[in-house]
Amino acid sequence: MKIQNPGCSAPLRSAGALAVARRGLALAAGLLATLAVQASVPALETVSATPVTYAAAPGLTIPRTTEYLLNNAAVGDGLTKVRVLLPVGYEAGQNYPVVYLLHGFSGSETTWSNMNAVNDLNDTLETNTRNANIVFVMPDGDNDFYSDWYEPTAGGTMRNWETYHIQQLIPWVEANFKVRQDRGGRAISGLSMGGFGCMTYASRHPDLFAGVFSISGAVNNIPLSLVGALDAVPADLLAFANLPAVLNIDPAQIWGPFLSQAVLWHGRNPFTLMNNLRPLTVWYATGHGLGSNMPGDNPTTRAMELAVGALNDEFNLKMLSLGIPHTYRVNALATHSGYYFLDWFKQALPVMEQTFAANVGTPASFDYQAIESSFDIFGWNFTTQRDVVEFLYLTDVSRDGLTLQGSGVVAVTTPPVYAPGSLHWVKAPPELGIDVWPNWPRADAQGRLCFNVKLGHSHQAQQFTLGADPVDLWRQTRVNIH
């Protein structure tokens, strides 16, 4: 999903619709400010490229791995680092697929390179990928949960991590390395907080990735709304229960105050956005923290994996209920430690290779939901004029039509899949509050159609707040394209 202007636009017809547009722009000023940042990001610049060594063996260079210092990033002071692991024989090949590897809390761009190296230098990311014709990219993500923050300059530094990773890093990789530049050639993986990161990026941008691979991932951010409550629990009681220290972050700075901005939390939550993952290879794994005296096994890593395992079990139950194809691996003994993280990666690697071999493209039809007022997905653009931040739900979107559920007026721009200049009949069943116009749009020079769909008046209470209408009562219509 990219946030940008549509290729063509259909005008809003009525004065009422124009009023909705003006009110929506005023009331959603904060969100629009974030979108403006995303729309104007500069290209990254390479400052330096340096070989790297293992933290556990400073005199031993990590083969095939280079650390890059980049400038103009939408995070920190604009400078950030990323490591790139190239395949054996890279110079002789071309069009390599890419896997983006996201680290966990308290990690960095160095995490994946050093995985398990303290235990066995012959069992690391580098040694286990020597037969994989894949470029692995390991960016920094700080401790910021792979999101553009609600308070983007909290602490005096930029924290637009999604903008950096999606809109800056991917183009930099594809401009500087011999890699594929299509959805079928990209996958994303992560561990712990990075498991949340890979799932949130994949569920928000399913048109960018062929597969997602979460390892002991925190796949639901809603429990983090309790972090403030846990701060009141006495430290000795936490220690007695073998609970890890509370994360030293304020989630309200990331996604906003939960009681008033829960929609922003859900808009980044893989558990909420799960149906968006349907077009991808979905693979995730976890332990239950029982322990097996392997490296890194201690009360803290056991307790952390027990909690993460519960999140993944719940995630899996919902995946099953929705009928989304996926693979879920569980090792009850596994703890939240590098030894098991790398073991899970070794199990995921063959599935990554199979995913790339499938060369997936754009699905014939898809479902999608998002809270942004304007977004692109699989070549479609949707721009909604409404008074509040809420989801727009899209179902069975294809060249033959789509189902929309939401409120306000939605301007729709299709992909260029029709004959330029051709006329098409666009119609929804007659229903009070529903309207579609123009009914006979003509495809533009690129073959796109543009039309508007009115889904009743805009809601006045933000979704997930007191007074908000339940989704089952929202306007919904099927728009057919002939």
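The values are calculated or read from the model by the stated rules, or taken from the named source; none is laboratory data. Small disclaimer: the values here were computed from a predicted structure and weren't measured. When we count neighbours, we look across all protein chains shown, and the Cβ atoms used for this are built from the backbone with ideal geometry, even at glycine.
Data table
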{"item": "Tally of residues being of a type outside the set (Lys, Arg), over 21 Å from Phe375 (Cα atoms) and outside any loop (DSSP other than H, G, I, E, B) across the range 427-448", "result": "2"}
{"item": "Only one of Thr327, Thr355, Thr362, Thr395 that is surrounded by 18 or more Cβ atoms within 10 Å (Cβ to Cβ) and of a type in the set (Val, Ile, Thr)", "result": "Thr355"}
{"item": "Lone unmet requirement of (1) at pLDDT 95 or above; (2) buried (at least 22 other Cβ atoms within 10 Å of the Cβ) for Pro251", "result": "(1)"}
{"item": "Answer residue from the range 314-342, given it is free of Cβ contacts under 8 Å to residues at least 12 places away in the same chain and in a helix (DSSP H, G or I) and is farthest from Gly104 (Cα to Cα) among those", "result": "Ser321"}
{"item": "Total residues in the range 155-166, condition buried (at least 21 other Cβ atoms within 10 Å of the Cβ) and either free of Cβ contacts under 8 Å to residues at least 12 places away in the same chain or farther than 12 Å from Gly78 by Cα (or both)", "result": "4"}
{"item": "Residue within the range 360-383 that is part of a helix (DSSP H, G or I), touching a helix residue (DSSP H, G or I) at 6+ places or on another chain (Cβ under 9 Å) and more than 26 Å from Ser407 (Cα to Cα) present", "result": "no"}
{"item": "Gly291 being at positive phi and in the same structural domain as Phe209 (by TED's automatic domain parsing)", "result": "yes"}
{"item": "Residue ranges of strands (runs of 3 or more DSSP E) in the range 48-119 with at least 3 members closer than 30 Å to Leu224 by Cα", "result": "80-85, 98-102"}
{"item": "From Ser203, Ser225, residue being at pLDDT below 95, assigned by TED's automatic domain parsing to the domain that holds Asp144, among the polar types (S, T, N, Q) and assigned to a helix (DSSP H, G or I)", "result": "Ser225"}
{"item": "Where Ser292 falls short, out of the listed (1) part of a loop (DSSP other than H, G, I, E, B); (2) modelled with pLDDT of 95 or more; (3) of a type in the set (Ser, Thr, Tyr)", "result": "(2)"}
